[in-house]
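Here the structure is laid out as structure tokens; the discussion comes afterwards.
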Amino acid sequence: MSLLRPLIVAPDTSHWANWIDAALSDNAARRHPARTFHQRLLDAGRIPFLSWHHLEELLCIDSAHNAVSRVAYLQSIPLISWMRFPDTAGLGAITDILAAEAMAFDAGCSDLIEVRDHVRSHLLRTGSGVEAVGRENWVWDVARPMMRERRPMHEMVTVLADMRIMDERQTFGRLANQPRRSSEERRRVMAGTHARVFREAIAADPTRWPEEARAMADSFMANVMKRMPRDNIPPRDLMLAAYVSLGLDPDEVTDERTIAELSALATFRNQLRVVAENANVSFDRLKRVPMEKLPSWRIGEALKRFGQQRTTRPGGDMHDRALAVLAAYTDVLYVDKRTHEDFRRVIGKAPELAALFGTVSKASRYDDIAS
């Protein structure tokens, strides 16, 4: 059949998992609808979209056998869509989109829509499942344990994403001019931070065992202690060095800027550093790209600012945040109920972003996507 103006639709990871597992089921009543689902998608003029974040979640399951079976089924799909740079292999991730956005702005794209359209035209691909994930299954045998090893870090990032150690409305100047803490004061602060991370880990996922939460707090504090300077460094020098190490220029760290502003810029610059390495572009060149000109950054910040406060934050939320960027790059993005409400709020509070989005929808079951 020929497809006229097909829609690129991005299922939620749970849709992908339920579809594949049903197609592999021994139960014929489950298996048959799943095996015909792809054709029903094509008949409806829809091509499913797969990203690295989908694949990582699909493979990070306990059963290695089931993970291999999932990859084999993806390889059997005759037509899907994905993103990646020309002349590269593998599925694209949010870092690839950010890299392409920064390069699009650097190449002269002046607004969000131009950047988005440039990125979509350069990265979006369609083809078989084999073309998307490759033929060599040994790659996934090697990659899967590494993916699973990263899960604790993903969980920590998700748990601590909204935790604030200090009042970020304070200015750099006010904090930088405070007197140095004594060694005893620093120990008390470290102990208090450890206790707070432990509480956040329990609150974010009530099913988490206390031992797991304590291990997360221990790991976080170990990373903090590695970066702790010697006691005799003045607070101003310490803070300035920290921001410069994250990619800010010294003249950007001014007394009147708030910690929230500097932290946001530091996070963005740190992302650009990774992008520069992946894209083989000078970081000094990319660091001049303003973050407000990049769709992925604007979407992430709007969801953080206007979305609901999460009382629970499972580790999968990190992937959900990455997949939310696909609202700008696919025709239909399927999300869970919470994220759907977040997008509704964003469109109400930041209507200028609505032109970036395709349709953001929710579906209880994977086969609803063909409707």
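The values are calculated or read from the model by the stated rules, or taken from the named source; none is laboratory data. No experiment lies behind these values; they were computed from the predicted model shown. Counting neighbours? That spans all protein chains shown, and the Cβs are built from the backbone with ideal geometry, glycine included.
Some points to look at:
The rows are residues; the columns are (1) over 27 Å from Lys293 (Cβ atoms); (2) surrounded by fewer than 19 Cβ atoms within 10 Å (Cβ to Cβ); (3) over 21 Å from the mean Cα position of the chain (by Cα).
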residue: Leu42; (1), (2), (3): yes, yes, yes
residue: Arg70; (1), (2), (3): yes, no, yes
residue: Ser76; (1), (2), (3): yes, yes, yes
residue: Ile80; (1), (2), (3): yes, no, yes
residue: Asp87; (1), (2), (3): no, yes, yes
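- The number of residues in region 190-207 being surrounded by 12 or more Cβ atoms within 10 Å (Cβ to Cβ) and either farther than 21 Å from Gln309 by Cβ or among the polar types (S, T, N, Q) (or both) comes to 3.
- His53 satisfies every condition listed in (1) over 19 Å from Gly134 (Cα atoms); (2) buried (at least 19 other Cβ atoms within 10 Å of the Cβ); (3) at pLDDT below 95 except (1).
- Failed criterion for Thr36 (all others in (1) modelled with pLDDT of 90 or more; (2) among the hydroxyl-bearing types (Ser, Thr, Tyr); (3) surrounded by 15 or more Cβ atoms within 10 Å (Cβ to Cβ) hold): (3)
- Count of region 348-371 residues which are in a helix (DSSP H, G or I), crowded, with 16+ Cβ neighbours inside 10 Å and modelled with pLDDT of 90 or more: 5
- With respect to (1) crowded, with 22+ Cβ neighbours inside 10 Å; (2) touching a Leu at 6+ places or on another chain (Cβ under 6 Å), the lone exception for Ala99 is condition (2).
- Tally, over region 112-154, of residues that are outside any helix (DSSP H, G or I) and either in contact with a Pro (Cβ under 7 Å, 6 or more places away or on another chain) or not charged (D, E, K, R) (or both): 6
- Residue in region 201-212 that is touching a Leu at 6+ places or on another chain (Cβ under 7 Å), under 23 Å from Ala264 (Cα atoms) and either assigned to a helix (DSSP H, G or I) or not basic (Lys, Arg) (or both) present: no
- Scanning region 279-298 for residues that are small (Gly, Ala, Ser) and in a helix (DSSP H, G or I), we see that the one that is modelled with the highest pLDDT is Ser296.
- Subset of region 7-33 [buried (at least 20 other Cβ atoms within 10 Å of the Cβ) and part of a helix (DSSP H, G or I)]: Thr13, His15, Trp16, Trp19, Ile20, Ala22, Ala23
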